[in-house]
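The values are calculated or read from the model by the stated rules, or taken from the named source; none is laboratory data. Predicted model only: the values in this text are computed from it and were never measured. Calculation scope for accessible area: heavy atoms of the full protein, side chains included, ligands and nucleic acids excluded. Shrake-Rupley method; radii C 1.70, N 1.55, O 1.52, S 1.80 Å.
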Amino acid sequence: MIIGDYFKDEIEFIRAFHLKDEKAYKRLFDEYYSEIVYFSYKLTNNEAVAEEIVADSFMKVFNRSTVFPSIANIKSFLYITSRNACFDYLTREKARSRNNFEFQYLLDKEDGSPLDFERMNAELINTLHKEIKKLPPLSQKVITLRVFEQLEPNKVAEVLGITYQTVKNQTWIATSRLKNSLPLLKKHVAELMLVLISSVLV
């Protein structure tokens, strides 16, 4: 836990983090490093690359420490920065190897994971990513956390500081727009929509 013996509350932690306190950085690193490495590994299928990407993300967040008002903002930045770096890696790998990986969306009935991203073709991952960036700001954040980071709706609400109902509403907005703006994914849109819409109704 970030808050504990050394930092009595989040305010104290953020104050120390803004001052680039080494104990604050270590607490943050110990709390989130492993889970974000796992997330990055699922995208890249390369443990060494995942570790390098996440280490770089932590360095970026530490260098910009004063811009983060909460732990939730820091965590979100770490995930999004690592995710974007994974996309860049996948794009470079595709350009070098020209391997044509099978692209598919899977609804995992056992654990409810929205999508199996590690099986996606890099080009199509990037297409989806670019279309998401065209969504309204709040819809972008919600769909990113729901789809790419595979967080449950209540967790998304907690991270963004919004209500559960707002998460559901924004996911509906995002999926509706994506359905009409992804011609490259036309064959898979029905499956994508089924996955995302079912997650809204949880």
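General remarks:
- Ile173, Ile74, ranked by accessible area, largest first (probe 1.4 Å): Ile173, Ile74
- The HN-Hα couplings worked out from phi for the stretch 48-59 by the Karplus form 6.51 cos²θ - 1.76 cosθ + 1.60 (θ = phi - 60°) are 5, 5, 4, 5, 5, 4, 5, 4, 5, 5, 5, 5 Hz, whole numbers, x standing for Gly and Pro.
- Kirkwood Rh, Cα atoms: Rg over Rh of the stretch 1-51: 1.13
- Rounded to whole numbers, the Karplus 3J(HN,Hα) couplings from phi for the stretch 169-176 are 4, 5, 5, 4, 4, 5, 5, 4 Hz, using 6.51 cos²θ - 1.76 cosθ + 1.60 with θ = phi - 60°, and x at Gly and Pro.
- Debye intensity ratio in log₁₀ form over the Cα atoms of the stretch 24-77, taken at each q of 0.17, 0.19, 0.31 Å⁻¹: -0.51, -0.62, -1.28
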